[in-house]
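Written below as structure tokens is the structure these notes are about.
Values in this text are rule-based calculations from the coordinates and carry no lab data. None of the values given here were measured: they were computed from a predicted structure. Methodologically, a virtual Cβ is constructed for each residue, glycine included, from the backbone with ideal geometry; neighbour enumeration extends over all protein chains shown.
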Amino acid sequence: MQNAKSSGLSKLDINILGSGLFGFLFLSSNPTLAFLIFIAISIYFGFGALAAYVSDKSPVAPTQNFIASQKGGGIQPSSSAAITDERTIADRINEALEKGDYKCPHCGATVSPLAVKCIYCGSVLAAAVGLPGPEKWDDVEIGQTVLVKHPQKGDLRLTVVNRTFYGELWQKQMRPDVPWTLTGSYFARLGFAGGASAVNWQSRFFFLDGEYALSDQDINRDFAPYARQFAASNQTKTVRFSYKDAYWAISDIGRFRIEFVEGEGIKAQPGAIGRFIHFNSDARAMILEDYQSGGNGLDRIMYGYQIEEKQIKF
Ligand SMILES: [Zn+2]
């Protein structure tokens, strides 16, 4: 999947290439038909540019241009906007590690740059060295056991085996010259032994039992049309659709950068840029993660339940 993505030829390129070949074939046999095809292609791309211009001028939410552009829904200029070059949390930790003088600022003991708390005095280290962190679960560590009140299975005692910090991205205005930047909000995903995970995003909490990989074709066919409708309504419209065995409603779409990962079973690397869709079907929930070309992330669906924060105890 990532190989296909990084091939360098977008679907649009292939379309244009295909049209050109057809035009050439007809030109050699039938000049009139070739001319008509040329006109049709011009009109098609002309309208595409107009639509992109109009949508660019509309007042929109920062996350509006979800999948639409890259997944074959037309041309939207702001998707080509630059993405922040601010260092990821992982970069900053690595720099501290390379300096080799990573010490607890409170007691002076030499500590691991990956440690959340000083093992000598208990100080929270990430905050002390000025690193941003997630709003929830920033002090949860690998190996820790948590108690989850599962909506179906009751109490589960689970061990944290990995964690991922997401940085929330937004664009002040939806224009190609306005870069995507970090909002300053970070959210965590905790992976548990056995494959389940817990995700916090803003005020929402999820317990996700399972996941499977998606191809770009899957995303195009099953999700992109609905994400576009939701985006076009400035995320205000209730967009429902059937997928597999249930009827789903989109609750949020947005864009993120992977800031930090730690532990086993990680499927995205720091610096990876992706988009998400959150879906609900009563208590059930899904999160779709769709990574940008060359973004070092696996496109996937994670499924499970939306839960209350208090259903996870540390
Ligand atoms: Zn200390």
* Structure fact -> Ratio for segment 250-293, C-alpha Rg to 2.2 N^0.38 Å, reads 1.31
* Asked: Based on the alpha carbon coordinates of segment 160-260, what radius of gyration and maximum Cα-Cα distance (Dmax) apply, in Å?
  -> 15.5, 44
* For Ile83, net neighbour charge (Lys/Arg +1, Asp/Glu -1) across residues whose Cβ lies under 10 Å away -> 0
* **Proxy reagent accessibility, fewest Cβ within 10 Å first, across Ile119, Ile287** => Ile119, Ile287
* Want the number for Ala115 to Gln144: 0.36 nm per residue separation, take away the alpha-carbon distance, what's left? -> 9.1 nm
* Structure fact -> Here the net charge surrounding Gln144, from other residues whose Cβ is less than 15 Å away from its Cβ (Lys, Arg +1; Asp, Glu -1), is +1
* Asked: When N counts the residues of segment 107-166, how does its alpha-carbon radius of gyration compare numerically with 2.2 N^0.38 Å, as a ratio?
  -> 1.37
* **Fraction of alpha-carbon pairs over 22 Å apart in segment 89-313 - percent** => 55
* **Cross-link pairs beyond the 26 Å C-alpha cut-off, checked among Lys136/Lys237; Lys153/Lys244; Lys117/Lys172; Lys172/Lys237** => Lys136/Lys237; Lys117/Lys172
